[in-house]
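Chemist: Pasting in a structure now, in C-alpha cells, and then I'll have a few things to ask.
The values are calculated or read from the model by the stated rules, or taken from the named source; none is laboratory data. All figures in this text were calculated on a predicted structure; none of them were measured in a lab. A quick note on method: Cβ atoms are made from the backbone with ideal geometry, for glycine too, and the neighbour counts reach across all protein chains shown. SASA here: full protein model, heavy atoms, side chains in, ligands and nucleic acids out. Shrake-Rupley method; radii C 1.70, N 1.55, O 1.52, S 1.80 Å.
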Amino acid sequence: MMKRYTHHLPKALLAALLLSAQVGQAQTPNNAQTQAPKNPMVEAIVKEATENSQLERLAYELLDKIGPRLVGSPQMKQANDWAIEKYKGWGIMARNEKWGEWRGWERGTSQIEMVAPRVKSLEGMQLAWSPATKGKGVTAELITLPAEITDSVSFLQWLPNVKGKLVMISMYQPTGRPDYNWQEFATAASFDKMKAQRTAQTEAWRNKLAKTGYTTRTLPAVLEKAGAAGIVMSNWSAGFGVNKIFNAFTKKIPTVDIALEDYGMLYRMVEAGDKPKINIKVNAKELGVVPAFNTIAEIKGSEKPDEYVILSAHFDSWDGGSGATDNGTGTIVMMEAMRILKKLYPNPKRTILVGHWGSEEQGLNGSRAFVEDHPEIVKNIQAVFNQDNGTGRVVNISGQGFLHSYDYIGRWLSAVPASIRQPIETNFPGTPGGGGSDHASFVAAGAPAFSLSSLNWSYGTYTWHTNRDTYDKIVFDDVRSNAILTAILAYMASEDPAKTSRERIVLPVNPRTGQPGTWPTQNKPTRKGGLD
C-alpha cells in the first residue's frame, strides 16, 4: 500500500514520513500489526493544510481587497490577474483564457436619502448594470402600483402617472422578522395569522402584477419608457437585514434596491398619502465591451499528461456583498488544494487542472465555453470536483447518474480522514445535474463531474446573492476541511490505475411527461452578454 501511494512524493518528504513511521512501529510493535497502514501523502496533506493554511490570506486579498467580481467589471479582471500571480508564486503554470465578451460596468457609490416629509439616510444600493445619475442625482416623489389595476388596459390608462416619479415595484412585506424568529417567540395563533396575511398579500400582489401584462423583468422598461424618474425595489431575502441584489432592467434611469425596513416605511408613507420624496445619487461607469476570461492553472501529469483531474469553482459573483460564500469559498478551496498538491505532489500521474470560471451567475457561461472549446480535454477527464454552495463543510456527493461512480468515488473517499469522510452522505448512482453550477457543464458532455455539496449555514437566506455575502460569514474550519478533502480526492483520482467509467444509468420515466428521462443537453454559452 505504501509503495503504491508514495512513488510521487518529494524525496525529502518521503524520507521524513518513512522515518516517522519506522519510529512509530518501533515504539508500538503490537499496534503496528493490527492497524491499517496509513497513507503518508494523506497525512502530509492534512498536516500542510492545518499548519500552513493560506485560506485566510487568500480570502482577505480576494474578498476585502479586490471585492465582488461581477462579470465585465474591472474587479473581475483584477481577480483573474491576481489568481495568475498567486499560482505563479507557487510554481504552478496559469493563464487567463478568453471565453467571450461582456458589457463593461463598474459599480460606484450609492447615496439614497429621504428628503420629505423628513430627512433620513436610507439603506440601499443600485443594482448591477444600473445607469448612473448625473449632478445632484434624481429627486422625486415615490408612488406605488395602484390597487385598481383590473387588466392591461387599465394599467395602460394609469401609466402616464409615472412621469417624473420614482416607482416602487416590490410588494410591501407585512413583517421584517424571519419565520424562525416567529416560531421561537410568537403564539401559534399569531404565527398562523401572520402567515395567512402574508400568503393573501403575496397572491394579491402577483395577481396585480399579472394584470399589468408584464413581469418583474419587463415592467421596469415599460415604466422607463413612460417617463419614470427611477425604479425602487426591495428584494427581501427573508432574513434580518438581508436583500438579494441582482441586475437592473433599465437603460437610462436608475434602479435601486432599498432595505426592507426603509422600503416598508416609504411604502406606508405613500399609502397614507404623505407623498415621500427621496434623492438618489448612484455612480457607475460604463466601460464598453470588455473581454471575459476563465483562469486556468495546471500541474502537468508525469505518466498520463493527457488525462485530467479538474478542480472547479466559479470565480464571478453578484456584487451586493463581496461574493464570499458564492463563490469566494469555493475559489479559495481550489486554490489552497492546488497549492498543497504542488508542494507535496509536484509530479502527479495525471494532469491536475483547476478552472476558475467566469459568468457562472448568468448561465454557466465560462465552464460551458471551456467544455465547448476543449473537447480534447473533456474526452480525457478522470473526474471533475466542483464546489459552489457556500462556506459549509462538504456533506453530500452524488454520483450524477454515472453507473459505476460508487466504485471509484468510494475508493477515493476511503483515503479521506474519518472526521471529514463520515459526515458525507453519498448518493449513487444519483441523477445528472442539469444546471445550478459548473459541474453540470461537464456532466452534459458525458464527463464524470461531481458537486462537493456543503452544509447549509443559512446560505439561501443570508448569503446567496445578497448584500451580506461578506468575509465575516466564512467558517474557516469548514473551508479548511473542504480543501483537505479536495486535495485528497484529486490525489487519489490522479493515482488511480484505472480510468473512470462513463457508463450512464438508464434514466427513469419523467412522471410529468410520461416519457423516458433524457440526459441533460450540452448547452452553448452566451459569448456576448449584457449588451442589449
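Chemist: Residue-wise, which Karplus ³J(HN,Hα) couplings in Hz belong to segment 55-61, taking 6.51 cos²θ - 1.76 cosθ + 1.60, θ = phi - 60°, and x for glycine or proline?
Modeler: 3J(HN,Hα) across segment 55-61, in whole Hz: 4, 4, 5, 4, 5, 4, 5.
Chemist: Among 254-262, 158-166, how do they line up by average Cβ neighbours within 10 Å per residue, starting with the highest? Walk me through the numbers on the way to the answer.
Modeler: Working: 254-262: 22.6, 158-166: 15.8.
Most protected by this proxy first, the peptides run 254-262, 158-166.
Chemist: Relative to the present Cα-Cα distance, how much length would full extension add between residue 261 and residue 141 at 0.36 nm per residue of separation?
Modeler: 41.3 nm
Chemist: Rounded, prolate or oblate: which fits segment 122-191, taking a ≥ b ≥ c as square roots of the Cα gyration tensor eigenvalues, rounded meaning a/c under 1.5, else prolate when a/b beats b/c?
Modeler: Details: a/c = 3.32, a/b = 1.49, b/c = 2.22.
Note, shape of segment 122-191 comes out oblate.
Chemist: Using only alpha carbon pairs under 8 Å that are at least six residues apart, calculate the relative contact order of the chain and give it in whole percent.
Modeler: Values: 1120 pairs, mean separation 107.1, N = 532.
Normalised by residue count, the contact order of the chain is 20 percent.
Chemist: Over what distance in Å are the Cα centres of segment 380-429 and segment 277-320 separated?
Modeler: 25 Å
Chemist: Next question. Can you work out the accessible area per residue across segment 342-430, with the rest of the protein chains kept in place, probe 1.4 Å, in square angstrom?
Modeler: On a per-residue basis, 31 Å².
Chemist: A further question on this structure: Ignoring any ligand, DNA or RNA, what whole percent of the accessible area of the chain comes from carbon and sulfur when the probe is 1.4 angstrom?
Modeler: Working: 12170 of 23130 Å².
So the carbon and sulfur contribution to the accessible surface is 53 percent.
Chemist: In a shell of Cβ-Cβ distance under 12 Å around residue 451, excluding residue 451 itself, what net charge do Lys and Arg (+1) and Asp and Glu (-1) give?
Modeler: Working: positive: none; negative: 388, 438.
Counting the neighbours of residue 451, the net charge comes to -2.
Chemist: In whole Hz, what ³J(HN,Hα) sequence does segment 330-340 give by Karplus (6.51, -1.76, 1.60; θ = phi - 60°), x for Gly and Pro?
Modeler: x, 4, 6, 4, 5, 5, 5, 4, 5, 4, 5
Chemist: Let me ask something else about it. Using 1/(1 + (r/R0)^6) with R0 = 41 angstrom and r between the beta carbons of residue 177 and residue 303, what's the FRET efficiency to the nearest 0.05? Let's see the in-between values first.
Modeler: Numbers: r = 59 Å, r/R0 = 1.44.
Calculated value: 0.10.
Chemist: Taking N as the number of residues in segment 285-406, what value does Rg over Cα atoms divided by 2.2 N^0.38 Å take?
Modeler: Numbers: Rg = 15.5 Å, N = 122, 2.2 N^0.38 = 13.7 Å.
Working it through for segment 285-406, the quotient is 1.14.
Chemist: Net charge within 14 Å of residue 429 by Cβ-Cβ distance, Lys/Arg positive one each and Asp/Glu negative one each, not counting residue 429 itself?
Modeler: Numbers: positive: 502, 504; negative: 407, 503.
Surrounding charge for residue 429 is 0.
Chemist: Kindly provide the helix-only [θ] at 222 nm of the chain, computed as the sum of -39,500 (n - 2.57) over DSSP H runs of four or more divided by all residues, to the nearest 500 deg cm²/dmol? If you can, show how the numbers build up before the last one.
Modeler: Numbers: 18 runs with 188 residues, N = 532.
Dividing the helical sum by the residues of the chain leaves -10500 deg cm²/dmol.
Chemist: Simple spin-label model, 7 Å along Cα-to-Cβ: residue 396 to residue 201 in nm?
Modeler: So the label points at residue 396 and residue 201 sit 3.1 nm apart.
Chemist: Between residue 216 and residue 251, what FRET efficiency follows from the Cβ-Cβ distance if R0 is 22 Å, with the result rounded to 0.05? Don't skip to the end; give the middle numbers.
Modeler: Values: r = 17 Å, r/R0 = 0.76.
Efficiency at R0 = 22 Å is approximately 0.85.
Chemist: Please list log₁₀ I(q)/I(0) at q = 0.06, 0.09 Å⁻¹ for the chain, using the Debye equation with identical point scatterers on the alpha-carbon positions.
Modeler: Relative scattering, expressed as log10 I(q)/I(0), comes to -0.35, -0.74.
Chemist: Still on this structure, please answer the following. Please give the contour-minus-distance gain from residue 38 to residue 226: 0.36 nm per residue of separation, less the Cα-Cα distance, rounded to one decimal in nm. Walk me through the numbers before you get to the answer.
Modeler: Details: separation 188, 0.36 × 188 = 67.68 nm, distance 7.13 nm.
Roughly 60.5 nm would be gained on extension.
Chemist: Leaving out ligands and nucleic acids, and using a 1.4 Å probe, what accessible area per residue does segment 470-532 come to in Å²? Don't skip to the end; give the middle numbers.
Modeler: Details: 3370 Å² over 63 residues.
Accessible area per residue: 53 Å².
Chemist: Size of the dipole of segment 32-87 about the Cα centre, Lys and Arg at +1 and Asp and Glu at -1 on the beta carbon, nothing else charged, in debye to 20?
Modeler: Result for segment 32-87 is approximately 140 debye, rounded to the nearest 20.
Chemist: Can I ask one more? What's the ranking of 231-237, 269-275 by average number of surrounding C-beta atoms within 10 Å, highest first? Spell out each step's value before the answer.
Modeler: Numbers: 231-237: 23.6, 269-275: 12.1.
The packing order, highest mean first, is 231-237, 269-275.
Chemist: Which of the lysines could a cross-linker bridge to residue 225, judged by Cα under 24 Å and excluding same-chain residues fewer than eight apart?
Modeler: Straight-line reach from residue 225, under 24 Å: 134, 136, 163, 165, 208, 211, 251, 252, 275, 277, 281, 285.
Chemist: Peptides 334-344, 383-393, 193-203, 83-93: what's the order by average Cβ count within 10 Å, highest mean first? If you can, show how the numbers build up before the last one.
Modeler: Details: 334-344: 23.9, 383-393: 25.6, 193-203: 12.5, 83-93: 16.8.
Highest mean packing first, the order is 383-393, 334-344, 83-93, 193-203.
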